[in-house]
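In what follows, a single structure is set out as structure tokens and then discussed.
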Amino acid sequence: MRSLLDTPVLVLNRLWQPVNTCCARRAVSLLFLGHAHVVRSDQENNFYTYDIDSWLEYSTIEVCENDSDLIHSVRITLKVPRIIVLSLYDRLPKKEVKFTRHNIFQRDKYMCQYCGIVFDTKSLNLDHVVPRDKGGKTSWDNLVTSCIACNSRKGNKMPEEARMFPMRKPIAPRWRPFFTSVQETSCHESWRHFLDLSSSQVEMSA
């Protein structure tokens with residue numbers, strides 16, 4: 001059985017942007033060192049922050065004794081934090097988007113780049129704008145999302161031959177991959193405000 005100290009905790013930078021996750025053990029350590037505060041929200045989405053002293057007080061006074069998220073020791077009772085905000089760190093992690101079929105679909109918003117219709121993944125292919133046997137590379141800037149019909153119609157022709165040109169020039173996308181790396185199974189309900197807000201503001205784009 002997993003220890004409460006292994007519970008995943010969402011980490012926000014000092015601008016309240018999600019940057020990572022850590023285990024509760026690490027989060028509690030950061031609290032005691034004064035490097036972070038706990039973030040708690042109520043049912044009206046009001047947010048409160050706590051340093052280690054006020055969080056200890058909250059844990060012993062406001063929380064029910066039968067709360068399953070309580071860590072007990074000889075001297076203290078501490079509720080496992082679900083979100084912490086760092087006191088000084090204000091950067092966002094930077095990472096290149098992995099070159100995969102799924103990420104190309106995401107970049108092109110599941111839209112065929114020739115007919116402009118949105119399809120589900122079962123009805124989509126990837127098309128080499130410049131065919132491979134004509135020197136085209138399998139890369140961000142030569143692959144586009146294409147429906148099966150358009151893919152068959154273009155075949156092995158150059159865009160000029162087929163008179164079919166992508167709606168958007170294919171390039172490597174830029175995004176913050178953290179939001180898609182958080183698995184639904186480990187995502188606590190209290191995280192959703194920050195993840196939903198961030199994903200709406202930081203979109204994968206080309």
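Here, each number is a calculation from the coordinates, and none is a lab measurement. If you're wondering where the values come from, they're calculated on a predicted model, not measured in any experiment. Note that we place each Cβ from the backbone using ideal geometry, even for glycine, and neighbour counts take in every protein chain shown.
The overall shape of segment 101-162 is oblate: from the C-alpha gyration tensor, with semi-axes ordered a ≥ b ≥ c, the ratio a/c is 1.5 or greater and a/b is no larger than b/c.
Restricting segment 1-73 to GluC sites (Glu not before Pro) that sit in a DSSP loop and have at most 13 other Cβ atoms within 10 Å of their own Cβ leaves Glu44, Glu62, Glu65. Full extension of the segment from Asn45 to Cys187, taken as 0.36 nm per residue of separation minus the current Cα-Cα distance, would add 49.4 nm. Each Cα pair under 8 Å and six or more residues apart adds its separation to the average, and for segment 101-162 the resulting relative contact order is 34 percent. FRET efficiency for the pair Ile171 and Arg91, taken as 1/(1 + (r/R0)^6) with r the Cβ-Cβ distance and R0 = 25 Å, rounds to 0.55.
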